[in-house]
Amino acid sequence: MRAVAAFIVFTWHFNVVNDGHLAAPSNYFLSVLTEGHTGVALFMALSGYLFAKLLDGKNIVYTSFIWNRFLRLAPLLLLVICIVGVQRVVAGGDIFDYTKSIMAGVIKPSLPNGGWSITAEFHFYLMLPVLLFLTSKWKYSLFLVLMAAIITRTILHQKLGQVQILSYLTIIGRVDQFVLGILAYQFREYFTGKHLLVFFSGLMFVAYFWYFDYLGGFYRNQSYPSPSPVWIVMPTIEGLFYALMIAWYDNSFKHSTGKVSRFFALIGTYSYSIYLLHFFIVFQLANVINNHIIELTNIYLVLLFSILGFLCMVPIGYLSYRFIEMPFLKFRTRYIVAENDSLQAVEIRNESNIVEGKTGEEA
């Protein structure tokens, strides 16, 4: 799932047809790729689902939980921030303004290379104990949180005239996807084996994105940011489908541990690295191919070369994970309060496998 999400985002950035993200809709079934910003929503729904799965019914040492997430996310993010800072200085940019934007990134969506999504995820971690407490008291409580988020965006849209920025870049919109991921785990038995439900939901989701693309998509739905009220419900629509798909996928099959499955699992393990680092490569790669090898005149050529470019990111992701991220993971501490040491060992191992995307023999 993480591999799919990373590929959707990579392909969106790789697309240079008709001036990049501004491409008109072509193939009905590829609309999710021509509007590939939706891959971030899949990441968010996954986070909600996986942490609900990991922490359901557990007692948590919250400071240790935050510390572990910091160790997982911060090393590569800090390196990316430094690299972008050096690039800014070399290009003659104002390092003082850049530093201010980085400091503001704790609250605002101002971190580079898609780092704004890490800010949104961090805000989710701050909310997580409350969300889990609510679900433990009343299974349907998070539906009220969902309604409150939609009402908040509706009010903000009325006041500001647009809500695209807040819906896409901040927890004000992304909370829907985290919450729906948690709900998908809580109600997972309703999605087990529901193949037709997922199939027709997928058709409706693709149809929605085709029409959204037809209206102008992310950048040309009147303007950017868009005044369209669609952004009030966009996070909810994305979260609903992705949460449904995740719960169905996780509970309806006996998952393979063969070579192909292990390869996709490895891409999922490196997806965080691929996500933050592909910004340094993807735009230049697409332009080199388009200008010097073959003109990328349609989405099919984009898809072909995007697959090749994405596969080239896998060894880069491995090197990042192995030498930048993994060394810090040894400093993680136990945050699940278990009955005895042996159970704690099982829990921390399961946490590592779930969060890093490992499966079967690899785990």
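Which of the peptides 287-297, 205-215 is most tightly packed, and how do the rest follow, going by the mean number of other Cβ atoms within 10 Å of each residue? Before the final figure, lay out the partial values.
On the way: 287-297: 13.4, 205-215: 17.6.
Ranking the peptides 287-297, 205-215 by packing returns 205-215, 287-297.
Given the Cα-Cα distance of N59 and A104 and 0.36 nm per residue of separation, how much length would full extension add, in nm?
Numbers: separation 45, 0.36 × 45 = 16.20 nm, distance 3.23 nm.
Result: 13.0 nm gained on full extension.
Excluding residues fewer than 8 places away in the same chain, name every one of the lysines whose C-alpha is closer than 24 Å to that of K108.
Cross-link targets: K100, K159.
For segment 237-254, just list the computed ³J(HN,Hα) in residue order, Karplus coefficients 6.51, -1.76 and 1.60, θ = phi - 60°, integers in Hz, with x standing in for Gly and Pro.
4, 4, x, 4, 5, 5, 5, 4, 5, 5, 5, 5, 5, 6, 10, 9, 9, 8
Taking the square root of 5 times each eigenvalue of the Cα gyration tensor, what semi-axes in Å does the equivalent ellipsoid of the chain have, largest first? List each step's numbers first, then the result.
On the way: eigenvalues 182, 127, 104 Å².
Taking √(5λ) for each eigenvalue gives 30, 25, 23 Å, largest first.
For the pair S136/V233, report the inter-label distance in nm, with labels modelled 7 Å from Cα in the Cβ direction.
Using points 7 Å along Cα→Cβ, the separation is 3.5 nm.
Taking θ as phi - 60°, what are the ³J(HN,Hα) couplings along segment 36-43 by the Karplus curve (6.51, -1.76, 1.60), each to the nearest whole Hz, with x for Gly and Pro?
Those phi angles translate into x, 4, 5, x, 5, 4, 5, 4 Hz.
With springs connecting C-alpha atoms under 10 Å apart, model the chain as a Gaussian network and identify which of L126, L42, L166 has the largest mean-square fluctuation.
Most flexible of the set in this elastic network: L126.
Can you give the relative contact order of the chain as a percent, counting alpha carbon pairs under 8 Å and 6+ residues apart? Mind dumping the intermediate values first?
On the way: 460 pairs, mean separation 114.8, N = 363.
So the answer I get is 32 percent.
Hey, can you grab everything whose amide H is under 5 Å from the amide H of S252? Only 5+ residues off in sequence or another chain; H modelled, so Pro and N-termini drop out.
Amide H to amide H, under 5 Å and 5 or more residues apart or across chains, S252 pairs with G193.
Along the charge dipole of segment 1-148, Cβ charges K/R +1 and D/E -1, which of V145, H13, T99 sits furthest on the positive end?
Value computed over the given set: V145.
Could I have the simple spin-label model distance between L196 and Y318, label points 7 Å from Cα toward Cβ, reported in nm to one decimal?
Roughly 4.4 nm, to one decimal.
Quick one: which residues, 5+ away or cross-chain, put their amide H under 5 Å from the amide H of I336? H built at 1.01 Å from N.
Amide H neighbours of I336: V61.
Which of S228, V206, V163 sits closest to the plus end of the dipole of the chain, meaning its Cα is farthest towards the positive end, when Lys and Arg get +1 and Asp and Glu get -1 on the C-beta?
V163
Taking θ = phi - 60°, what integer Hz values does the Karplus form 6.51 cos²θ - 1.76 cosθ + 1.60 yield along segment 142-151, in sequence order, with x for Gly and Pro?
Working through the residues one at a time gives 5, 5, 5, 4, 4, 4, 5, 5, 5, 5 Hz.
Magnitude of the Cβ-charge dipole of segment 126-248, K/R +1 and D/E -1, about the Cα centre, nearest 20 debye? Display every interim value, and only then the final one.
Values: 8 positive and 4 negative charges, 45 e Å.
Computed about the Cα centre, the dipole is about 220 debye.
Name all residues of segment 123-140 having a backbone nitrogen under 19 Å from the label point set 7 Å from the Cα of E189 along its Cα→Cβ direction, giving them as ranges.
Output list for this probe position: 135-140.
Can you give the calculated 222 nm mean residue ellipticity of the chain, where each DSSP H run of n ≥ 4 adds -39,500 (n - 2.57) and the sum is split over every residue, rounded to the nearest 500 deg cm²/dmol?
On the way: 18 runs with 250 residues, N = 363.
Result for the chain, helices only: -22000 deg cm²/dmol.
With the chain treated as a Gaussian network of Cα nodes joined by springs under 10 Å, which of N298, N68, N59 yields the largest mean-square fluctuation?
Of N298, N68, N59, the Gaussian network model singles out N59 as fluctuating most.
Magnitude of the Cβ-charge dipole of segment 2-356, K/R +1 and D/E -1, about the Cα centre, nearest 20 debye?
Working: 24 positive and 18 negative charges, 117 e Å.
The calculated dipole for segment 2-356 is roughly 560 debye.
Given springs between every Cα pair under 10 Å in a Gaussian network model of the chain, which of T34, T11, T257 has the largest fluctuation?
T257
Taken together, the values in this text are just the output of simple stated rules run on the coordinates, not laboratory data. These figures come from a predicted structure and were not determined experimentally. Positions of Cβ are generated from backbone atoms using ideal geometry, with glycine treated the same way; all protein chains shown enter the neighbour counts.
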